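Worksheet for the structure shown next.
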Amino acid sequence: MPFSEFTTTNVSVAVIGVFILGFSSILTGLNFITTVHRLKMPEMKWTKMPLFVWALYATAWIQVLATPILGITVLLIFVERMFGIGLFDPAKGGDPILYQHLFWIYSHPAVYIMVVPAMGVVTEIIPTFARKHIFGYKAIAFSSLAIAFAGSLVWAHHMYTSGMSDTAVLIFSFLTFIVAIPTAIKVFNWVATLYKGSIVIEPPLLYALSFIFLFSIGGLTGLILGSAGTDIHVHDTYFVVGHFHYTIFGGTGFGFFGAMHYWFPKIYGRMYNKKLAVISWAILFVGFNILYFPMLVIGMMGMPRRYYDYLPQYHTGHLISTIGSWILATGLLLMFYNLFKSIKHGEKVGKSPWGAATLEWTTPSPPPTLNFVGEPKLTRGPYDYKGVEEDEQYT
Amino acid sequence: MSAENKHIVSYKTFVSVWVILMFLTAVTVWIAKIDLGFLNVVAALTVATTKALIVILFFMHLKYENRLFKISVFITFLILAIFIGFTFFDVAYR
Amino acid sequence: MSNIHKDYIGSKFGMWLFLFTEILLFGGLFILYSTYLHKYPAEFHLAGKELNVYFGGGNTVALVTSSLFMAMSISAIQKGDKRLAIIFLGITLALAFVFLINKYFEWGAKFHHGIYPDSPTLLQRPKGEIIFFGLYFVMTGLHGIHVLVGASIIIYVLFMLKNEKVNKDDFVLLENTGLYWHLVDLIWIYLFPLFYLIV
Ligand SMILES: [Cu+2]
């Protein structure tokens with residue numbers, strides 16, 4: 001029986017909280033899907049949409065279709081705690097592994113809810129600072145949908161050691177490799193966009209590039225976990241923890257930081273201190289790797305996760321990791337300090353500090369109520385940089 | 001606002017749909033009385049799915065909606081089928 | 001540029017998206033049902049015989065008929081016939097209560113026989129039967145809550161019809177309520193054979 005069903009801590013209130021939180025996720029998805037279909041300006045065809053919007057659209061579908069499974073799972077925990085029905089209790093004929101199925105049917109897609117928008121951010125930043133049309137527009141747009149769909153096929157790769165059937169282990173291991181395809185499509189297209197571009201190094205680009213690097217490590221270690229044979233060795237070790245942080249912190253986190261640095265001038269009409277932004281990025285990036293890379297190593301050596309103590313042979317790894325965490329924290333503090341300070345005190349910017357081609361850079365910064373002064377006109381594709389108007393101080 | 005895409009379905013259509021649904025309900029109860037073993041499950045689910053399809057197409061107007069609605073409904077049921085079906089990779093082979 | 005924007009198709013599509021989440025919410029329970037049916041076919045067979053087909057069948061008739069009147073109520077308001085729309089919707093509501101009262105007696109009878117979740121009588125039975133009745137209470141219970149919520153919304157819409165907030169030109173609220181109500185019917189269309197007939 002799942003621990004949450006009989007622990008004496010007050011799980012009931014917590015799961016009701018999760019259930020309510022699920023509404024916010026679902027309604028966000030509902031809103032975004034409907035908005036993309038119904039509120040796009042008529043001349044913006046699907047292939048003229050920024051790829052960030054494509055990413056959000058794909059994510060929104062995952063939110064709508066996967067979150068309810070979490071909803072029913074937590075509802076069942078609640079009902080079980082109240083009435084003791086026994087749907088997951090072997091003593092009453094229930095099957096605890098089914099609880100794991102329900103949990104992961106949502107929780108695998110959940111990581112795509114986190115990372116696909118970040119991929120969308122990277123897709124916006126890279127062509128802007130390479131001054132080059134995105135390579136493989138349709139492939140990237142399609143790969144977002146493909147990731148969303150493939151995400152619903154692979155959940156049981158979290159359950160290789162749960163006691164489920166060997167057939168299932170085999171099939172889910174195979175299916176897991178399929179997810180790597182659309183992800184790789186994105187990475188190759190980003191790199192191809194950079195190739196022979198006239199690259200301008202600015203803070204958002206640094207975050208986007210580190211996203212590619214860190215997320216690739218996360219993705220490749222994911223393949224080690226996804227293949228059933230190797231997973232048995234590293235299951236429930238620090239290797240998993242390292243992998244997870246490379247994907248979600250290195251991926252979602254750095255994508256999110258990149259987005260903050262990219263759209264900051266649009267949101268506040270001011271620019272942060274770029275030099276400080278680069279310094280904090282560098283500290284963050286270095287600290288990140290010092291913190292999480294040793295986890296992959298000691299995980300391989302057999303350090304189990306979820307213990308506060310460890311054997312002497314893991315000492316060095318933990319020591320390095322801890323030092324890394326301090327460096328990382330310093331970088332984070334510096335970054336947030338810079339951003340918060342610049343909200344009020346940053347240098348003023350105009351409409352388009354980066355010379356990007358998407359529509360939001362044609363409206364004043366910060367945008368007025370209803371976003372645009374008068375009806376916006378679509379005069380160019382989202383990645384056509386020819387003749388883009390750019391703020392003078394930055395050209 | 002309602003001028004766009006307004007399609008009024010006649011009472012007659014709805015009543016005939018209702019008659020068919022009632023008939024199918026009777027059919028499914030009747031089939032259940034015959035012992036067909038596993039085929040009982042198949043038969044009951046086939047009838048239920050037919051009924052569900054009729055409800056979706058007529059009562060829920062899906063027949064008169066545009067392609068977006070139809071594709072979305074299809075995808076939703078496809079995903080549900082995957083969730084149920086793939087779980088059987090485990091439970092059917094234990 | 002006006003920020004008042006009413007989008008008939010948009011709000012209907014939004015409602016459909018919400019229905020998808022309902023389908024998958026119940027979908028989680030259908031995953032459980034199907035795997036347990038696979039695991040305990042014989043026990044499900046025996047336990048299912050104890051459910052009364054007349055209760056289940058009667059409720060099926062009530063819900064399908066209520067769906068009919070809901071659908072006709074929308075046609076009526078589209079034609080501008082407010083009176084008829086209210087009458088049809090009133091019948092829908094009445095049938096919702098028929099369903100709930102029926103359910104009350106059905107559950108009551110089971111409780112009377114000592115069959116309710118975690119009851120001593122139930123726990124003495126084979127494991128498959130405990131699971132069958134567990135699923136029965138959870139699934140029909142969650143469905144019953146949906147009937148109750150649907151009925152409350154219908155009452156609200158009745159008032160909106162009465163003071164003409166819902167009218168010939170702006171009836172999407174009624175239509176979306178209808179969609180919700182048909183979904184409740186749709187789920188029952190599956191619950192009925194799964195619990196009362198596949199035995
Ligand atoms: Cu996963």
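Below are the figures for this structure:
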{"item": "Among the candidates A:Thr230, A:Thr221, A:Thr237, residue that is in the same structural domain as A:Ile290 (by TED's automatic domain parsing) and within 19 Å of A:Ala184 (Cα to Cα)", "result": "A:Thr221"}
{"item": "Only one of A:Leu70, A:Leu87 that is out of contact with any Cys (no Cβ under 8 Å at 6 or more places or on another chain), surrounded by 23 or more Cβ atoms within 10 Å (Cβ to Cβ) and farther than 18 Å from A:Tyr112 by Cα", "result": "A:Leu87"}
{"item": "Residue within the stretch C:140-151 that is surrounded by fewer than 23 Cβ atoms within 10 Å (Cβ to Cβ) and in contact with a Gly (Cβ under 9 Å, 6 or more places away or on another chain) present", "result": "no"}
{"item": "From A:Met114, A:Met82, residue being surrounded by fewer than 22 Cβ atoms within 10 Å (Cβ to Cβ), in contact with a Ser or Thr (Cβ under 8 Å, 6 or more places away or on another chain) and more than 30 Å from A:Ala357 (Cα to Cα)", "result": "A:Met82"}
{"item": "Residue in the stretch A:129-148 that is crowded, with 20+ Cβ neighbours inside 10 Å, among the small types (Gly, Ala, Ser), over 15 Å from the mean Cα position of the chain (by Cα) and within 16 Å of the ligand (Cβ to nearest atom) present", "result": "no"}
{"item": "Every residue from the stretch C:49-82 that is hydroxyl-bearing (Ser, Thr, Tyr) and more than 8 Å from chain B (Cβ to nearest Cβ)", "result": "C:Tyr54, C:Ser66, C:Ser73"}
{"item": "Some residue of the stretch B:74-83 being in contact with a helix residue (DSSP H, G or I) (Cβ under 6 Å, 6 or more places away or on another chain), of a type in the set (A, V, I, L, M), under 27 Å from C:Val172 (Cα atoms) and buried (at least 17 other Cβ atoms within 10 Å of the Cβ)", "result": "no"}
{"item": "Filter pass, A:Leu102 being at the interface with chain C (Cβ under 8 Å from one of its Cβ atoms), more than 25 Å from A:Thr28 (Cα to Cα) and either of a type in the set (A, V, I, L, M, F, W, C) or in contact (Cβ under 8 Å) with a residue 60 or more places away in the chain (or both)", "result": "no"}
{"item": "Count of the stretch A:152-197 residues which are within 9 Å of chain B (Cβ to nearest Cβ), more than 14 Å from the ligand (Cβ to nearest atom) and part of a loop (DSSP other than H, G, I, E, B)", "result": "3"}
{"item": "Among (1) facing another protein chain (nearest Cβ under 8 Å); (2) closer than 26 Å to B:Val73 by Cα; (3) not basic (Lys, Arg), the one test that C:Thr177 misses", "result": "(1)"}
{"item": "Single residue of the stretch A:69-89 satisfying the filter (more than 10 Å from every other protein chain (Cβ to nearest Cβ) and β-branched (Val, Ile, Thr)) that is nearest to A:Val121 (Cα to Cα)", "result": "A:Val74"}
{"item": "Any helices (runs of 4 or more DSSP H) falling wholly within the stretch C:1-103 and containing at least 1 residues that are in contact with a Phe, Trp or Tyr (Cβ under 7 Å, 6 or more places away or on another chain), under 23 Å from C:Gly178 (Cα atoms) and of a type outside the set (Asp, Glu)", "result": "C:8-39, C:53-78"}
{"item": "Set A:Ala55, A:Ala66: member being within 14 Å of chain C (Cβ to nearest Cβ) and touching a Pro at 6+ places or on another chain (Cβ under 7 Å)", "result": "A:Ala66"}
{"item": "Residue count for the stretch A:335-347, restricted to those that are in a helix (DSSP H, G or I) and more than 22 Å from the chain's Cα centre (by Cα)", "result": "8"}
{"item": "Residue identified as surrounded by 17 or more Cβ atoms within 10 Å (Cβ to Cβ), assigned by TED's automatic domain parsing to the domain that holds A:Pro96 and without any contact (Cβ under 8 Å) to a residue 60 or more places away in the chain among A:Leu153, A:Leu170, A:Leu194", "result": "A:Leu153"}
{"item": "Counted residues, the stretch B:7-27 - those being touching a residue at least 40 places away in the same chain (Cβ under 8 Å), part of a loop (DSSP other than H, G, I, E, B) and hydrophobic (A, V, I, L, M, F, W, C)", "result": "1"}
{"item": "Condition check for A:Val121: away from the ligand (no atom under 16 Å from the Cβ), assigned to a helix (DSSP H, G or I), away from every other protein chain (no Cβ under 12 Å) and touching a residue at least 24 places away in the same chain (Cβ under 8 Å)", "result": "yes"}
{"item": "Answer from C:Leu46, C:Leu19 - the residue that is more than 8 Å from every other protein chain (Cβ to nearest Cβ) and over 25 Å from the mean Cα position of the chain (by Cα)", "result": "C:Leu46"}
{"item": "Flag for A:Gly258 being among the small types (Gly, Ala, Ser) and closer than 19 Å to A:Ser107 by Cα", "result": "no"}
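Matching residues to (1) within 16 Å of the ligand (Cβ to nearest atom); (2) in contact (Cβ under 8 Å) with a residue 12 or more places away in the chain; (3) surrounded by fewer than 23 Cβ atoms within 10 Å (Cβ to Cβ); (4) within 30 Å of A:Pro368 (Cα to Cα):
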site: A:Tyr207; (1), (2), (3), (4): no, yes, no, yes
site: A:Leu223; (1), (2), (3), (4): yes, yes, yes, no
site: A:His235; (1), (2), (3), (4): yes, yes, yes, no
site: A:Phe239; (1), (2), (3), (4): yes, yes, no, no
site: A:Lys275; (1), (2), (3), (4): no, no, yes, yes
site: A:Pro294; (1), (2), (3), (4): no, yes, no, no
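Condition check ((1) under 19 Å from C:Phe69 (Cα atoms); (2) touching a Leu at 6+ places or on another chain (Cβ under 6 Å); (3) part of a loop (DSSP other than H, G, I, E, B)) across all residues:
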{"site": "B:Asp35", "(1), (2), (3)": "no, no, yes"}
{"site": "B:Val41", "(1), (2), (3)": "no, no, no"}
{"site": "B:Ala44", "(1), (2), (3)": "no, yes, no"}
{"site": "B:Val55", "(1), (2), (3)": "yes, yes, no"}
{"site": "B:Phe58", "(1), (2), (3)": "yes, no, no"}
{"site": "B:Ser72", "(1), (2), (3)": "no, no, no"}
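The values are calculated or read from the model by the stated rules, or taken from the named source; none is laboratory data. Keep in mind that this is a model prediction, so the values were computed, not measured. Glycine gets a Cβ as well: all are built from the backbone with ideal geometry, and neighbour counts include every protein chain shown.
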